[in-house]
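Please read the structure below before turning to the comments.
The values are calculated or read from the model by the stated rules, or taken from the named source; none is laboratory data. These figures come from a predicted structure and were not determined experimentally. Here the Cβ positions follow ideal geometry from the backbone for every residue, glycine too, while neighbour counts run over all protein chains shown. These accessible areas exclude ligands, DNA and RNA; they are computed on the full protein's heavy atoms, side chains included. Shrake-Rupley method; radii C 1.70, N 1.55, O 1.52, S 1.80 Å.
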Amino acid sequence: MTTRECVSNRIIELCRERNVTINGLARLSALPLSTMKSIVNGVSQNPGIATIKKLCDGLEITLIEFFDTAEFKALEQEIQ
């Protein structure tokens with residue numbers, strides 16, 4: 001699994017847990033819907049930490065809570 005897939009999966013998981021749509025999360029996070037869809041659909045090559053921080057703020061969680069999952073812990077280092 002890639003980092004992109006982990007980020008996308010985590011966003012979808014958090015939306016389901018909170019009963020929030022992707023559109024709703026975009027509004028809560030003050031991000032363009034196109035950006036949200038790009039991240040969730042795996043089109044965004046590298047959603048920056050500032051963008052993920054906005055998502056966390058919208059969800060009222062910390063960055064640590066966002067990344068503290070088995071998927072992220074199991075990631076191999078990606079060298080490009």
For the chain, what is the accessible area per residue in Å² when the probe is 1.4 Å?
-> 65 Å²
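Place a +1 charge on the Cβ of each Lys and Arg in the range 1-52 and a -1 charge on the Cβ of each Asp and Glu, then give the dipole magnitude about the Cα centre in debye, rounded to the nearest 20.
100 debye
Find out how many positive minus negative residues lie around residue 33, taking Lys and Arg as positive, Asp and Glu as negative, among other residues whose Cβ is under 15 Å from that of residue 33.
+3
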Diffing the range 54-59: the Karplus 3J(HN,Hα) column from phi (6.51, -1.76, 1.60, θ = phi - 60°), in whole Hz with x for Gly and Pro, holds 4, 4, 4, 4, x, 8
Once fully extended, how much extra length lies between residue 2 and residue 74, figured as 0.36 nm per residue of separation less the alpha-carbon to alpha-carbon distance?
-> 24.9 nm
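Please arrange 49, 64, 39, 12 by accessible surface area, largest first, computed with a 1.4 Å probe and ligands excluded.
Descending order: 64, 49, 12, 39.
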Extension gain, residue 43 back to residue 21 (0.36 nm per residue minus Cα-Cα distance, nm) | 6.1 nm
Given a 1.4 Å probe and every protein chain left where it sits, what share in percent of the accessible area of the chain is carbon and sulfur?
-> 51 percent
